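Please read the structure below before turning to the comments.
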Amino acid sequence: MTEQESVKQSAELLRKIIRSVDKKLDYSFLDPTQEGRFSLRLSTRGREGVVSLLTNDLRMAGSDNVRKNVIRQKIKSTRDHLLSNYVVDVMGKRMARMLRESAAGQGDAKASFFYRRPQGRR
């Protein structure tokens, strides 16, 4: 098998794996900066993420279902991260609110349902 046929089969396998995760997921190759690794830029709904995969894993994925599933899980994890609506609390507003509530709660006692305040004479 020539190198070109091997690359074609790997690209087709990668496309099938990505399509099994999400049919609308777009992908493109980034410049290979490290030996033995390559990176994919995944994009969906205006959001982008990067996945780094081993070339050996992709070559072995054609015959080994475990490696194929490892690649699929990495891609799926990145896609799920892109689609999550979790908002990072950059300003620390949550912590400030918790501190403010704890400081206010020390001096003020909450009225209990079972506690009856003494009433003056009528």
Item checked: Ranked packing of 95-102, 46-53, most packed first, by mean Cβ within 10 Å -> 46-53, 95-102
Item checked: Rounded tilt (10° steps) of 3-21 against the dominant C-alpha axis of the chain -> 30 degrees
Notebook entry, point to check: Using a 1.4 Å probe, what is the accessible area per residue for the chain, in Å²?
Noted result: 85 Å²
Notebook entry, point to check: How much of the accessible area of the stretch 1-77, in percent, comes from carbon and sulfur atoms when a 1.4 Å probe is used?
Noted result: 46 percent
Check: Based on Cβ point charges of +1 for Lys and Arg and -1 for Asp and Glu, what charge dipole magnitude is obtained for the chain about its Cα centre, in debye rounded to the nearest 20?
Finding: 1300 debye
Next item on the list: Please determine, in degrees from 0 to 90 and to the nearest 10, the orientation of helix 93-107 with respect to the longest principal axis defined by the Cα atoms of the chain, where the helix direction is its Cα long axis.
Entry: 20 degrees
Margin query: Taking the 0 to 90 degree range and rounding to the nearest ten, how far is the long axis of helix 65-83 tilted relative to the main principal axis of the chain, both from C-alpha atoms?
Written below: 40 degrees
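The values are calculated or read from the model by the stated rules, or taken from the named source; none is laboratory data. Worth saying up front: this structure is predicted, and the values here are computed from it rather than measured. Note: ideal-geometry Cβ built from the backbone for every residue, glycine included; neighbour counts use all protein chains shown. Note: areas computed on protein heavy atoms with side chains; ligands, DNA, RNA excluded. Shrake-Rupley method; radii C 1.70, N 1.55, O 1.52, S 1.80 Å.
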